[in-house]
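Below is one structure, written out as C-alpha cells; comments come after it.
Derivation of every value follows stated rules applied to the coordinates shown; laboratory data play no part. Since we're looking at a predicted model, the values are computed, not measured. FYI the Cβ positions are ideal-geometry reconstructions off the backbone, even for glycines, and counts take in every protein chain you see.
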Ligand code: G
Ligand code: G
Ligand code: MN
Ligand code: NA
C-alpha cells in the first residue's frame with residue numbers, strides 16, 4: 001500500500017485524530033485554550049507524527065479533506081469546552097500552506113463554524129512562518145479574509161524561517177508564536193535573552209499577543225513572565241492529550 005492509499009483509508013477509518021495541548025496565561029496560570037495537534041494512529045505502524053504525513057497529505061491534495069476533518073473535530077471539541085468552562089476557551093488549528101491557497105478555504109471554515117455552532121472568535125488558525133513567507137498567490141488577501149470572518153491568525157514557529165522582525169508588520173496577524181529554539185537559547189546565552197525580549201516588545205508594539213513555545217522549565221517560565229510574554233505552551237504545563245483528557249483537566253481546574 002502506498003502512503004497515499006493508506007492516508008485515504010485513514011480518513012475513512014477515523015484513525016486520524018487530534019490531541020490538544022493547553023495554552024496558558026503567563027499572567028495568572030489559567031488555561032486560555034489549546035492547540036490541536038494531528039495524530040495518525042496507524043494499524044500496523046502505531047502513532048505516526050504529523051511531520052511524517054502532513055507533507056504527503058499536501059503533495060497529494062489529501063490535506064484538503066483531512067484539514068476539513070480536523071477543523072470540524074476541533075470545533076466540536078471547543079464547543080464542549082465552552083459548555084463546561086466559565087471563561088471562554090479557544091482552539092488553535094494548524095493550517096498547511098496548501099490549505100491556505102485552496103480557494104474554498106474561508107467559505108468551508110465559515111460553514112463548519114455555522115454547522116457546529118461555534119463563534120468564530122473561539123477558533124484560531126496557525127500558519128507556519130514559512131507558509132506565510134512563501135507568499136504564493138494571494139496569501140495576504142486570504143489571511144485578511146480569515147480575519148474579516150472574525151477568526152484570529154497566529155504565525156507559528158516564528159524565528160525558524162526567513163522572516164525578519166522588520167517584515168512582521170506587513171502581515172495581518174493577531175498572535176506570534178515564538179519557536180521553542182528561542183526559548184531554549186535564551187537560557188543558554190545572555191544575548192539570546194535580549195533577542196527574545198526584543199521580539200516580545202516589537203510584537204506588543206504591533207498589537208500581537210505573544211506565545212512562548214516549548215516551555216519545559218520553571219526558569220523559562222519565570223524569564224518569559226519577566227519579559228511580559230503573554231502566553232506559554234510546553235511540557236512544563238502539559239503534553240498534548242486526547243480531547244477527553246483535556247475536558248477532565250478543565251473540570252479539575254474549575
Ligand atoms: O505534535 P508534533 O510535535 O508532532 O507536531 C509536529 C509538527 O506538525 C508541528 O510543526 C505542527 O505545527 C505540525 N502539525 C501538527 N498538527 C498539524 C495539523 O493538523 N496540520 C498541519 N498542517 N500541521 C500540523
Ligand atoms: O510547530 P508547532 O509549534 O505547531 O509544533 C508543536 C509541536 O511541539 C508539537 O508536536 C508538540 O508535541 C511539541 N511540543 C510541545 N511542547 C513541547 C515542549 O515543551 N518541548 C518539546 N521539545 N516539544 C514540545
Ligand atoms: Mn503550531
Ligand atoms: Na512552533
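May I ask you to sort 229, 75 by Cβ crowding, counting other Cβ atoms within 10 Å and putting the fewest first?
Exposure proxy ranking, most exposed first: 75, 229.
So what's the gap between the Cα centers of the stretch 218-254 and the stretch 52-88, to the nearest angstrom?
Here the two parts' Cα centres lie 20 Å apart.
Just rank 98, 239, fewest to most, by other beta-carbon atoms within 10 angstrom.
By the 10 Å Cβ count, ascending, the order reads 239, 98.
Need one word for the stretch 192-254: rounded, prolate or oblate. Basis is the Cα gyration tensor (sqrt eigenvalues a ≥ b ≥ c); a/c below 1.5 gives rounded, then a/b vs b/c decides.
The shape class here is prolate.
Say a paramagnetic label sat at a point 7 Å from the Cα of residue 59, along Cα to Cβ; which residues of the stretch 1-38 have their backbone N under 18 Å from it?
The answer is 1-10.
Along the Cα→Cβ direction, 7 angstrom out, place labels at residue 121 and residue 165. What is the inter-label distance in nm?
3.1 nm
Starting from a Cα-only point model with no solvent, please compute log10 I(q)/I(0) by Debye for the chain at q = 0.09 1/Å.
-0.39
Fully extended, how many nm does the chain gain between residue 236 and residue 87 (0.36 nm per residue separation, minus their Cα-Cα distance)?
51.4 nm
Beyond 17 Å, what share of the Cα-Cα pairs of the stretch 54-151 is found? Please give it as a whole percent.
The proportion of pairs with Cα distances above 17 Å equals 50 percent.
Express in nm, to one decimal, how much length is gained between residue 106 and residue 2 on full extension, taking 0.36 nm for each residue of separation and deducting their alpha carbon distance.
Roughly 34.3 nm would be gained on extension.
Expressed as a whole number of Å, what is the distance separating the alpha-carbon centroids of the stretch 4-51 and the stretch 119-174?
21 Å
Give the calculated FRET efficiency between residue 195 and residue 15 to the nearest 0.05, with a Förster radius of 45 Å applied to their Cβ-Cβ distance.
0.65
Using the count of nearby Cβ atoms within 10 Å as a rough guide to exposure, how do 235, 90 rank from fewest to most?
Ascending number of Cβ neighbours within 10 Å: 235, 90.
Hey, can you rank 112-121, 12-21 by average C-beta count inside 10 Å, highest first? Walk me through the numbers before you get to the answer.
Values: 112-121: 15.0, 12-21: 17.2.
Per-residue mean Cβ counts within 10 Å order the peptides as 12-21, 112-121.
At 222 nm, what value in deg cm²/dmol follows for the chain if DSSP H runs of at least 4 each add -39500 (n - 2.57) and the sum is divided by all its residues, to the nearest 500?
Counting only the DSSP helices, I get -14500 deg cm²/dmol.
What nm distance separates the two modelled labels at residue 245 and residue 28, each placed 7 Å from Cα along Cα→Cβ?
2.7 nm
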